[in-house]
Amino acid sequence: MTLGARMRLHLLAMAVAMAISPGCVSEQGTSHAPIREQRLPSGKVVKVVSCLLAWGVEHDERHPDQDAFALEYVSSVPRVPPQDLEREAVEVFELIRTTSELWGFTTATVAALRSPDRTGTWDIFVFTRSTSGTWSHASHTLTRNTE
C-alpha cells in the first residue's frame with residue numbers, strides 16, 4: 001500500500017471515529033468529552049480529548065502494519081499562520097512518539113480540534129516513520145457539520 005493510500009485510510013478512520021464517538025453524558029444529561037490536561041516539554045498545557053490504538057482494518061481485512069496511535073487534543077492556536085499550529089502538533093506528537101516506536105508502528109496521527117465535542121474544523125497531522133527511524137508529517141483539514 002502506498003504512503004498516500006495509508007494516509008487516506010488513516011484520515012478516513014479518524015473521521016469515522018470522530019463522527020461516531022458518543023462522548024460522555026453528565027448528570028445533567030449534557031454531552032461532553034472527557035479531558036486530560038497534559039503539560040508539554042515547553043511548559044504549555046494542552047487538553048487531550050482522546051488517545052487510542054487505531055487498528056489497521058479496511059473492508060474487514062486486518063492490516064497489522066497499519067496499526068497506529070491516534071491522539072486528539074483541543075488547540076487554541078490560530079490556524080493561520082499554519083506554522084504555529086504545526087509547531088504545537090509536532091510537540092503534542094512527542095506524547096505518543098516513543099510509545100509508537102516501542103510498538104514498532106510506522107504511523108501515528110495527531111488531531112488538533114477546535115472544541116472537545118469534535119465539531120467544526122480540525123487539523124489532522126499524519127506522522128510517518130521511515131525505515132531509518134526519522135519521522136515526517138503531513139497535515140489535512142477536516143470539517144464536521146453539526147446538522
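Overview of values
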item: Cβ-based exposure ranking for Asp117, Asp84, Asp60, in which fewest neighbours within 10 Å come first; result: Asp60, Asp84, Asp117
item: Fewest-first sequence of Ile96, Ile35 by Cβ atoms within 10 Å of each Cβ; result: Ile35, Ile96
item: Thr141-Val57 pseudo-label distance in nm [points 7 Å out on the Cα-to-Cβ vector]; result: 3.2 nm
item: Taking Thr121, Thr106 and counting other C-beta atoms within 10 Å, the order from fewest to most; result: Thr121, Thr106
item: Global geometry of the range 51-147, whether rounded, prolate or oblate, following the gyration tensor of its Cα atoms and the 1.5 cut on a/c; result: oblate
item: Residue-span extension gain [Arg87 to Lys44] - 0.36 nm each, minus C-alpha spacing; result: 14.3 nm
item: Separation of the Arg79 and Thr131 label points, Cα + 7 Å toward Cβ, nm; result: 3.8 nm
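Where a number appears in this text, it was derived from the coordinates with a stated rule and is not lab data. The structure displayed is predicted, hence computed values, not measured ones. With ideal geometry, Cβ positions are generated from the backbone for all residues, glycine too; neighbour counts draw on all protein chains shown.
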